[in-house]
Amino acid sequence: MAHSGSQDLAQVAKERGIRYFMISYTDLFGGQRAKLVPAQAIGDMQKDGAGFAGFATYLDMTPAHPDLFGMPDPAALIQLPWKKEVAWVAADCVMEDKHVAQAPRVVLKNVLRKATDQGLFVKTGVECEYFLICPDGSAISDEKDNAAKPCYDQQALMRRYDVISEICDYMLELGWGPYQNDHEDANGQFEMNWNFDDALITADRHSFFKFMVKSVAEKHGLRATFMPKPFPGLTGNGCHAHISVWDRSGTTNAFLDNSDEMGLSQQGYHFLGGIMRHAEALAALTNPTVNSYKRINAPRTLSGATWSPNTVTWTGNNRTHMVRVPGKGRFELRLPDGAANPYLLQAAIIAAGLSGIAHKASPGRRYDIDMYQLGHTVTDAPKLPLNLLDALRNFDRDGELKATLGEEFAAAYLKLKHAEWNQYASHFTQWERDNTLDV
Ligand code: ADP
Ligand code: MG
Ligand code: MG
Ligand code: MG
Ligand code: MG
């Protein structure tokens, strides 16, 4: 239903009672940019695309660039369950008849092509944690939600039943296969899980999920945030990614080996080896904001644990490492956070995995210790970057990752993200006054 091939959108509008299409693309900073196009005009738009000024969004363009066109992908159409007369449709950016190499959905499609050329069909699931906060952003919206260990808090979950059930009902209606909803480890924090699927489908759903959660929260007079660490001392918003690789038909999981202790195949270990080898650079994409680095490498939270990693280590079913193998035939990358761009997140993981497969990389030694207690005893594993600048520099040094993701993309991303870092660094803080006034 959501992914229905190369359909004629004007016809789809008639059949489904769609009055407006939101032709939507995602920029390098994860912003979703859209034009609302009446069904009467969708015929031409489907052929020619919706016009945008690229410079007005984060794509590293100048005001002198020609028009950017968002070409709707009819396979990625999602009718808004809360406003059925509107259909969101993911678009690919085109300029002068060429795909825009740095546009995130294009970046992902290009990496996916490299994977499928090798017969690798990546399937992923994401766990998009978020907080429900006051509209002004200053505090958690439910003042009664203040337990010291709030994870799975039944009472607090049910005080938000109206919001959670509405979103879950929509996912049911869209056929995403949602299967559980819970109160997460921070006060005011929730997680809703739906089934994994092809990486591009998951990326589109991830984008739409953020839009949907924010929209439904607003409808209920609240605000939803996916900010990596919105409140000091509370667990942050992760966006764990689960990964497996399948054959073309999607029936055989190439990561599954029942004879292996962890249930992982050689190819699975090599892919994981690529993740381990590129992790310090990967962070520039999985943890793309200044605030991201307050979630990883963080001190213990009020609840007792941050649930986020500090070191490039992997393990079995143990949540204190960067990678967890929770069950056979897949692994979980716990590094990404709520600010990760849905398309770049998938692209970065797959690019690192392809490198691992190409080099027959080993993931290195497995650690089964509690990293929060015993992390200091691990001396042979790299620390994750401590800030965005370190991560960007790591990414810039990782020629292979940049080449697989595309040089134009890497250059554009690094340029805009360095500018963001410089803007942050030039911002005056109370901390420096407190610590420097009397030098
Ligand atoms: P946890 O909180 O234990 O990490 P969740 O149930 O919250 O796990 O999320 C697990 C995610 O992993 C879901 O999106 C699920 O569909 C996905 N998943 C399960 N099996 C696979 C697999 N073989 N490949 C990719 N993703 C998977
Ligand atoms: Mg205009
Ligand atoms: Mg989960
Ligand atoms: Mg979680
Ligand atoms: Mg998880």
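The values are calculated or read from the model by the stated rules, or taken from the named source; none is laboratory data. Remember, it's a predicted structure, so these values are computed and weren't measured experimentally. Don't worry about glycine lacking a Cβ; one is built from the backbone with ideal geometry, like all the others, and counts go over all protein chains shown.
Side notes on the structure shown:
- Taken across the stretch 299-309, residues that are away from ligand 4 (no atom under 16 Å from the Cβ) and either buried (at least 24 other Cβ atoms within 10 Å of the Cβ) or not in a loop (DSSP other than H, G, I, E, B) (or both) do not occur at all.
- Being of a type in the set (A, V, I, L, M, F, W, C) and under 20 Å from Glu408 (Cβ atoms) holds for only one residue in Val126, Val122, Val94, and it is Val94.
- Residue match in the stretch 255-263 (condition: under 24 Å from Leu401 (Cβ atoms) and outside any helix (DSSP H, G or I)): yes
- Beta carbons closer than 6 Å, at least 6 apart along the sequence or on distinct chains, pair a first residue in the stretch 236-262 that is closer than 18 Å to Arg319 by Cα with a second that is assigned to a loop (DSSP other than H, G, I, E, B) and among the charged types (D, E, K, R) for Gly236/Lys229; Gly236/Arg295; Asn237/Glu129; Gly238/Glu129; His240/Arg334; His242/Arg330.
- Qualifying residue in the stretch 120-141 (condition: within 16 Å of ligand 4 (Cβ to nearest atom) and of a type in the set (Asp, Glu)): yes
- Residue among Thr202, Thr225 that alone is at pLDDT 95 or above, more than 12 Å from ligand 1 (Cβ to nearest atom), of a type outside the set (Lys, Arg) and in contact with a Phe, Trp or Tyr (Cβ under 7 Å, 6 or more places away or on another chain): Thr225
- Among the residues of this structure, Val126 counts as one that is out of contact with any Asp or Glu (no Cβ under 9 Å at 6 or more places or on another chain), surrounded by 22 or more Cβ atoms within 10 Å (Cβ to Cβ) and in the same structural domain as Arg300 (by the TED database).
- With a requirement of 2 or more residues that are closer than 16 Å to Ile296 by Cβ, the helices (runs of 4 or more DSSP H) lying completely within the stretch 329-439 that satisfy it span 342-358, 371-374, 388-397.
- Counting the residues of the stretch 88-114 that are among the aliphatic types (A, V, I, L, M) and buried (at least 24 other Cβ atoms within 10 Å of the Cβ) gives 8.
- Unmet requirement for Ala203, which otherwise passes all of (1) within 30 Å of Asn387 (Cβ to Cβ); (2) within 15 Å of ligand 5 (Cβ to nearest atom); (3) surrounded by 22 or more Cβ atoms within 10 Å (Cβ to Cβ); (4) under 17 Å from the mean Cα position of the chain (by Cα): (2)
- Candidate set: the stretch 235-278, residues that are touching a Gly at 6+ places or on another chain (Cβ under 6 Å) and within 16 Å of ligand 4 (Cβ to nearest atom); chosen: the one farthest from Tyr293 (Cα to Cα): His242
- Filtered residues of the stretch 191-236 (kept if out of contact with any strand residue (DSSP E or B) (no Cβ under 6 Å at 6 or more places or on another chain) and within 16 Å of ligand 3 (Cβ to nearest atom)): Asn195, Arg205, Thr235, Gly236
- Lone qualifier among Val245, Val216 - being surrounded by 23 or more Cβ atoms within 10 Å (Cβ to Cβ), more than 17 Å from the chain's Cα centre (by Cα) and among the hydrophobic types (A, V, I, L, M, F, W, C): Val245
- Qualifying residues in the stretch 30-62 (those that are assigned to a loop (DSSP other than H, G, I, E, B) and without any contact (Cβ under 8 Å) to a residue 24 or more places away in the chain) - the one surrounded by the fewest Cβ atoms within 10 Å (Cβ to Cβ): Thr62
- Selection status of Arg334, basic (Lys, Arg) and more than 16 Å from ligand 3 (Cβ to nearest atom): no
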